[in-house]
Amino acid sequence: MDFNTEYGVDGEDTGPRVTIRRTNETTIDFMLSSTSLSLANSLRRTMLAEIPTIAVDLVEIEANTSVLADEFLAHRLGLIPLSTRNVEDMIYTRDCTCEEFCDNCAVILRLHAANRNSDENVKVFAKDLFAETVSGQPIQDARYQRNGAVDGLSSSEELPPRGQPVIMDPKGNGSLICQLRRGQELRVRCIAKKGIAKEHAKWAPTAAIGFEYDPHNKLRHTTLWYEGTNAKEEWPESKNKDWEEPAPDGEAFRYDSEPTQFYVNLEGTGVMPPDQILHAGIKTLQQKLATVIQQLSTTTDSGHELNGAAGDAGMGGMSPPDPAANGTAYGNQTAYGGQTPAYAQQTAYGGQTPGYGGAGSAYGGMGGATPYGRSGY
Amino acid sequence: MATDGDHEMADATAGAEANGTSGDFVKEKQRLRLLPGSSDTQASFAFEKEDHTLGNALRYMIMKNPDVEFCGYSIPHPSETVMNLRIQTWDNVSVMDVLKRGLSDLADLCDVVEDKFTAARDDFNDSHPDRVATK
């Protein structure tokens, strides 16, 4: 029950620590220490799934005589990495006040490729996508003034303008989209929007996150499977083994020690510089907390209105109710009944299960007789 | 039952708008609910659209508070994005205060980690000018 000793008096030495071990344009390898496993894992999960990026979301096919089907092409176009420069200023299309989409919430990319008379296949690359504004004006991009794609990402200023494809190969071609034989043509208009990987993996800014702790298994969080007699002989040693002391042979197992050092290898896809991925991860995590704090304070201000699922009749037979407190709380049902249509309309993650809308309206109607109301507390 | 529900919702819509609970009705999502049977010193919350990312970190931070007798979270079903969090406190400490404190402490922890990372990255850049980690 020592609450504050982790952030002790001399804050510099006892708080969380970061040691960067290796970097390159796409990867940062660092060690995080004196934090909890919960925070390190939450950060890892956020960086993988909840950082907003930009990717093609709608494809209008004007002409496609290639061998690939329309939807096949649309799928591939969605996976093309697009630059996320200034993505914080971009609004989600669903939140934007415009009708359909505008320059604040979308990036339009056009592609027009044809093989008129070449015997060799014409390859359509990501570099052939060119951006334009919603009204059709082409956007001048600084892409072609870049020196070379090899060190194209050593600072976020060198990312192409927002929404333009990220090109990292030495020839400057970008991803191969499709190939066209003589006489085949491809003409599309792509609308790229902001989103997160929870909705679709095309919006993921990370290629992979390597995450390890306790390379010598001193905490016994795992048991190593073995065939013969000795697990240690059969398992290769971790790359991080030199960063921690192995347990001396005769030493007893310390059952109350916690993991404190985490070895993280963060690799981005190139749409965002890796340190920006980490900053965005922390910022997103804090925004989640801020949203919850805000919900907590706006609803507790108006008395016990947080309680929307309670009914006077069916309280679920839980702990002895306090009649005074519950009278006012449960009496305020109408405000919550009114909230439920909003539930059915939420398409924030695109995958709102219909059950939600149904369960939501049941709250307004029947109060405590819902599955959530009776979750066994 | 269907008509009862409709009737209730129709009334409630009018009531909610009359209350003036923010003009933008569609955007007002209730993401945090108090489950029935809760009192001032022990409560269960249901967070919509949250999962282990918030749940585990928040549980860890709340458990560090010495006033907390019990804190745990669960995800009732993986197909529905709901996370339940239960807090029980000693003496007469309010659960809302404990939750608020846990949330703000977690936000502070994130700030500290970010600052340490930025400092470490700047140091690395200074000592390795050839392989600059990005700004």
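For region A:218-236, the set of residues classified as modelled with pLDDT under 90 and either of a type in the set (A, V, I, L, M) or under 14 Å from A:Ser257 (Cα atoms) (or both) consists of A:Ala231 only.
Condition check: at pLDDT below 85, in a loop (DSSP other than H, G, I, E, B) and either among the aliphatic types (A, V, I, L, M) or within 25 Å of A:Glu25 (Cβ to Cβ) (or both). Does A:Gly152 satisfy that? In short, yes. For region B:65-112, residues that are crowded, with 20+ Cβ neighbours inside 10 Å and among the aromatic types (Phe, Trp, Tyr) total 1. Of the helices (runs of 4 or more DSSP H) that lie entirely inside region A:10-106, those containing 3 or more residues that are under 24 Å from the mean Cα position of the chain (by Cα) and either buried (at least 18 other Cβ atoms within 10 Å of the Cβ) or outside the structural domain of A:Thr269 (by TED's automatic domain parsing) (or both) span A:37-49, A:70-79.
Of all residues in region A:206-243, which are of a type outside the set (A, V, I, L, M, F, W, C), in a loop (DSSP other than H, G, I, E, B) and surrounded by 13 or more Cβ atoms within 10 Å (Cβ to Cβ)? Outline the logic, then answer.
Narrowing region A:206-243 to residues of a type outside the set (A, V, I, L, M, F, W, C): A:206, A:210, A:212-218, A:220-223, A:226-230, A:232-234, A:236-242.
Filter again for in a loop (DSSP other than H, G, I, E, B), leaving A:214-218, A:220-223, A:226-230, A:236-240.
Within region A:206-243, A:Asp214, A:Pro215, A:His216, A:Asn217, A:Lys218, A:Ser238, A:Lys239, A:Asn240 meet the criteria.
Of note, B:Ile62 does not satisfy the criterion of being more than 8 Å from chain A (Cβ to nearest Cβ), in a strand (DSSP E or B) and either crowded, with 20+ Cβ neighbours inside 10 Å or hydroxyl-bearing (Ser, Thr, Tyr) (or both).
Condition (residue is at the interface with chain A (Cβ under 7 Å from one of its Cβ atoms), surrounded by 20 or more Cβ atoms within 10 Å (Cβ to Cβ), in a loop (DSSP other than H, G, I, E, B) and touching a helix residue (DSSP H, G or I) at 6+ places or on another chain (Cβ under 6 Å)) applied to region B:34-43: is it met by at least one residue? Yes, because at least one residue in region B:34-43 is at the interface with chain A (Cβ under 7 Å from one of its Cβ atoms), surrounded by 20 or more Cβ atoms within 10 Å (Cβ to Cβ), in a loop (DSSP other than H, G, I, E, B) and touching a helix residue (DSSP H, G or I) at 6+ places or on another chain (Cβ under 6 Å).
Screening B:Thr118 with (1) in contact with a Phe, Trp or Tyr (Cβ under 7 Å, 6 or more places away or on another chain); (2) part of a helix (DSSP H, G or I) gives one miss only, at (1).
Being in a loop (DSSP other than H, G, I, E, B), under 30 Å from A:Asn115 (Cβ atoms) and not basic (Lys, Arg) narrows it down to one of A:Asp249, A:Asp169, so name that one. Before you say what the answer is, go through the steps one by one.
Values: A:Asp249 fails: under 30 Å from A:Asn115 (Cβ atoms).
Only one candidate passes the filter, namely A:Asp169.
Restricting attention to region B:80-103, the residues that are of a type outside the set (Val, Ile, Thr) and more than 7 Å from chain A (Cβ to nearest Cβ) total 10.
Report yes if some residue within region A:246-262 is closer than 27 Å to A:Val166 by Cβ and buried (at least 21 other Cβ atoms within 10 Å of the Cβ); otherwise report no.
Filtering region A:246-262 for residues closer than 27 Å to A:Val166 by Cβ gives none.
Scanning region A:246-262 turns up no residue that is closer than 27 Å to A:Val166 by Cβ and buried (at least 21 other Cβ atoms within 10 Å of the Cβ).
For the structure I just gave you, tell me whether A:Ala197 is of a type outside the set (D, E, K, R), part of a strand (DSSP E or B) and modelled with pLDDT of 95 or more.
Considered against the rule, which asks whether it is of a type outside the set (D, E, K, R), part of a strand (DSSP E or B) and modelled with pLDDT of 95 or more, A:Ala197 comes out as no.
The values are calculated or read from the model by the stated rules, or taken from the named source; none is laboratory data. These figures come from a predicted structure and were not determined experimentally. So basically every Cβ, Gly included, is an ideal-geometry build from the backbone, and we count neighbours across all protein chains shown.
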